[in-house]
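S.K.: Just dropping this structure here.
The values are calculated or read from the model by the stated rules, or taken from the named source; none is laboratory data. As the structure is a prediction and not an experimental result, all values here were calculated from the model. Quick reminder, even Gly has a Cβ in these numbers, built from the backbone with ideal geometry, and neighbours come from all protein chains shown. SASA here: full protein model, heavy atoms, side chains in, ligands and nucleic acids out. Shrake-Rupley method; radii C 1.70, N 1.55, O 1.52, S 1.80 Å.
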Amino acid sequence: MLLLVFFICTSLAAQEQPLKLNANVIEHPCSGEGHVISLKAEGGKEPYSYRWKDGTSGGFREGLTSGTYECVVEDAQGKSISRVFNFAAQPAPLVLKYTQEKAAENLASLSLQVTGGKVPYTYYWFGPGLDTEAMRNTSSHSGLPAGTFHIIVKDASECSENITVTIK
């Protein structure tokens with residue numbers, strides 16, 4: 001009987017898998033906030049405890065801003081594993097402003113000023129008489145008739161902002 005108990009205990013100990021930590025991370029490159037980390041421990045012996053260096057607990061974090069986050073996971077036997085996550089500081093959000101000038105009788109010009117984001121910018125102009133493809137790399141246009149114009153700007157990270165301008 002003693003031999004059987006020894007064999008079962010040895011067999012169970014040999015089957016125990018090392019403690020592993022799987023992570024799913026969602027990073028939001030446009031805002032620099034709202035990042036998500038989801039952790040799942042495997043192996044070792046349950047239950048697991050998740051302790052973050054900032055004092056929080058649990059395997060799921062959301063609404064995180066740019067910075068460094070470290071989590072230590074410990075199993076019921078005191079074995080631990082840790083993981084560090086870095087979210088880089090993002091550029092300032094895209095901000096669009098425009099100036100409008102009267103160009104000629106019933107025509108105007110629009111100039112767009114863009115700040116923030118990551119250059120280069122791509123411009124998409126929509127409105128009366130515009131060829132969107134020809135306008136892709138320009139921040140201004142003249143000879144515009146009266147009407148409503150929509151301009152979308154995307155930065156190098158595919159973050160976008162838009163503005164609507166009505167010329168009377």
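S.K.: Can you tell me which condition Thr138 does not meet? The list is (1) over 30 Å from Asp54 (Cβ atoms); (2) within 21 Å of the chain's Cα centre (by Cα); (3) assigned to a loop (DSSP other than H, G, I, E, B), and all the others hold.
M.R.: (2)
S.K.: Sticking with this structure for a sec: Could you check, for region 83-103, whether at least one of its residues is under 30 Å from Glu158 (Cβ atoms) and touching a His at 6+ places or on another chain (Cβ under 6 Å)?
M.R.: yes
S.K.: Further, regarding this structure: From the residues in region 113-145 that are open to solvent by less than 60 Å² (accessible area, probe 1.4 Å) and among the small types (Gly, Ala, Ser), which one is farthest from Ala89 (Cα to Cα)?
M.R.: Taking the candidates together, the pick is Gly143.
S.K.: Give region 45-90 a look and list any residue that's within 24 Å of Glu33 (Cα to Cα), outside any strand (DSSP E or B) and touching a residue at least 60 places away in the same chain (Cβ under 8 Å), or say none.
M.R.: Gln90
S.K.: Suppose the filter is open to solvent by 70 Å² or more (accessible area, probe 1.4 Å), assigned to a strand (DSSP E or B) and free of Cβ contacts under 8 Å to residues at least 60 places away in the same chain; does Ser109 pass it?
M.R.: No, not satisfied.
S.K.: Out of (1) in contact (Cβ under 8 Å) with a residue 40 or more places away in the chain; (2) among the hydrophobic types (A, V, I, L, M, F, W, C); (3) in a loop (DSSP other than H, G, I, E, B); (4) open to solvent by less than 40 Å² (accessible area, probe 1.4 Å), the odd one out for Leu96 is which?
M.R.: It fails just one condition, (3).
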